[in-house]
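Everything below concerns the one structure shown next.
The values are calculated or read from the model by the stated rules, or taken from the named source; none is laboratory data. This is a predicted model, so every value here is computed, not measured. Backbone-built Cβ (ideal geometry, glycine too); neighbour counts: all protein chains shown. The area values use the complete protein model at the heavy-atom level, side chains included, leaving out ligands, DNA and RNA. Shrake-Rupley method; radii C 1.70, N 1.55, O 1.52, S 1.80 Å.
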Amino acid sequence: MKRTVAIVAGGDSSELPVSLKSAQGIYSFIDKSRYDLYIVEIQNKVWRVRLDNGVYAPINRHDFSFEWNGEVITFDFAYITIHGTPGEDGLLQGYFELLGIPYSSCGVLASALTFDKFVCNQYLKGFGMKVAESLMLRKGQSISDVDVVAKIGLPCFIKPNLGGSSFGVSKVTKEEQIQPAILKAFHESSEILIEAFMDGTEITCGCYKTSNKSVVFPITEVVTHNEFFDYDAKYNGQVEEITPARLSDELTKRVQTLTSAIYDIIGCSGIIRVDFIITDKKVINLLEVNTTPGMTPTSFIPQQVRAAGLEIQDVMTDIIENKFQ
C-alpha cells in the first residue's frame, strides 16, 4: 500500500516563490509508484492542498488532513520544503511532532539553531569551526558607523540573521552605506547580522544520513559574476556552479569530513547543505548551515547527487523510508 506524502511549501517570508519551485522539484523527484503525492501550500493562516485542475481543498490543521469527494485523506509523511518561517525554524517541526507525523527535515532544536545564523555559528565556533567576525542587532537596537568599522571593518556584509535566499543582503564598502543596509536587512528580519568580509573561494557541500548509511556529496564551487552571491546569482543564472569543485583531493576530504561532523554535532536529519569559504592558506571558514536547501532541478543538491552518480529518486526514498525504520 502506498504511503501518502505531503510536500509542504510556501511560508511567511520573501522566500515563498523559491519554496514553491522547490516543491515542484521534489514532486518530480519522488517515486510515484511508491507514494501518493500532494503539494500543501502554507501561507499565514491559509493552509490548502493543491489538487488536479487548479482546484484546492483546505487543510484541517487539527490533524493535517483534508476532505475530497467525501473522503478524509490523512498524510503518512511530510516533506518540508519551506525556506524560512515556519518550515525552517522549528515551528512546523513542532506541529508535526505533536501530531506524530514523520517529516523530512531536522528536529525542532536543530532547525531553530541553524535558522539563527549568529547563534549557530557561535555554537559551532565552540567546536573549533572557523567563522567570520560578526555582531547581531535586534529590532530597536542601533549601532554607529564608527563602531561597525572599528568592530567588524570594511568591507562587510549586512544581512538578515533569520532567513535565506539572499533577500535583504548588502555588501558594504563605505561608511555611508551602513545605515541604509541595516534598514534593508531589518525589512526582512527582526534580527540582523553584520559580518566581516572574507575573500576566498565559496563552496557548498550537501549531506544526508540514515540509520544505515552516511552520504556526503561532491562539493560545488560557486563563482558569481555579481558583487556577491545574491538573489540574481542564485536564481537568475548570474553565477557559475562547478561540481565537483576545483579543489585538491586533500582539501575536498577535509571539507566533506567537516560537513559530516557538523551534521552530527547539530543532530541533523534529512538533507542539509553547508556553505563555506576557503581563504588563504586553505583555511575552511563556515558561512551557514541550511536544513531545508533548495530542491529545484538546478539547485545545488540535485547537482551534487548527479555528480555522485546517484539517482535523486533513490535519495528521496532514503529520506522518507528512514523515518519508518
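One residue alone among Thr74, Thr81 is more than 23 Å from Gly267 (Cα to Cα), modelled with pLDDT of 95 or more and in contact with a strand residue (DSSP E or B) (Cβ under 7 Å, 6 or more places away or on another chain), and that residue is Thr74. For the range 166-181, what are the residues that are surrounded by fewer than 20 Cβ atoms within 10 Å (Cβ to Cβ) and either more than 22 Å from Glu288 (Cβ to Cβ) or touching a Leu at 6+ places or on another chain (Cβ under 9 Å) (or both)? Hits for the range 166-181 are Thr173, Lys174, Glu175, Glu176, Gln177, Gln179, Pro180. Looking only at residues of the range 288-319 that are β-branched (Val, Ile, Thr) and assigned to a helix (DSSP H, G or I), we find that the one that is nearest to the chain's Cα centre (by Cα) is Ile301.
Just to be sure I understand, how many residues within the range 29-50 are open to solvent by less than 70 Å² (accessible area, probe 1.4 Å) and touching a residue at least 40 places away in the same chain (Cβ under 8 Å)? Number satisfying all stated conditions: 6.
Out of Leu37, Leu92, which single residue is within 21 Å of Val5 (Cα to Cα) and outside any strand (DSSP E or B)?
Leu92
Every test in (1) under 28 Å from Glu241 (Cα atoms); (2) at pLDDT 95 or above; (3) open to solvent by 30 Å² or more (accessible area, probe 1.4 Å); (4) not hydroxyl-bearing (Ser, Thr, Tyr) is passed by Gly206 save one, and that test is (3).
For the range 16-23, the criterion of being surrounded by fewer than 16 Cβ atoms within 10 Å (Cβ to Cβ) and charged (D, E, K, R) is met by none of the residues.
For Gly128, the conditions (1) free of Cβ contacts under 8 Å to residues at least 24 places away in the same chain; (2) part of a loop (DSSP other than H, G, I, E, B); (3) farther than 20 Å from Gly200 by Cα all hold with the exception of (3).
If the condition is being surrounded by fewer than 17 Cβ atoms within 10 Å (Cβ to Cβ) and not polar (S, T, N, Q), then the range 71-90 contributes Glu71, Val72, Ile73. Pairing each residue of the range 88-114 that is closer than 15 Å to Phe324 by Cα with any residue that is open to solvent by 30 Å² or more (accessible area, probe 1.4 Å) and in a helix (DSSP H, G or I), provided the two are 6+ apart or on different chains, yields C-beta distances under 7 Å for Glu97/Val108.
Filter the range 1-13 down to the residues that are crowded, with 19+ Cβ neighbours inside 10 Å and of a type outside the set (Val, Ile, Thr), then identify the one that is farthest from the chain's Cα centre (by Cα).
Start the filter on the range 1-13 by keeping residues that are crowded, with 19+ Cβ neighbours inside 10 Å, which leaves 5-11, 13.
Those still in the list that are of a type outside the set (Val, Ile, Thr) too: 6, 9-11, 13.
Details: Ala6: 19, Ala9: 13, Gly10: 14, Gly11: 13, Ser13: 13 Å.
Once the filter is applied, the top-ranked residue is Ala6.
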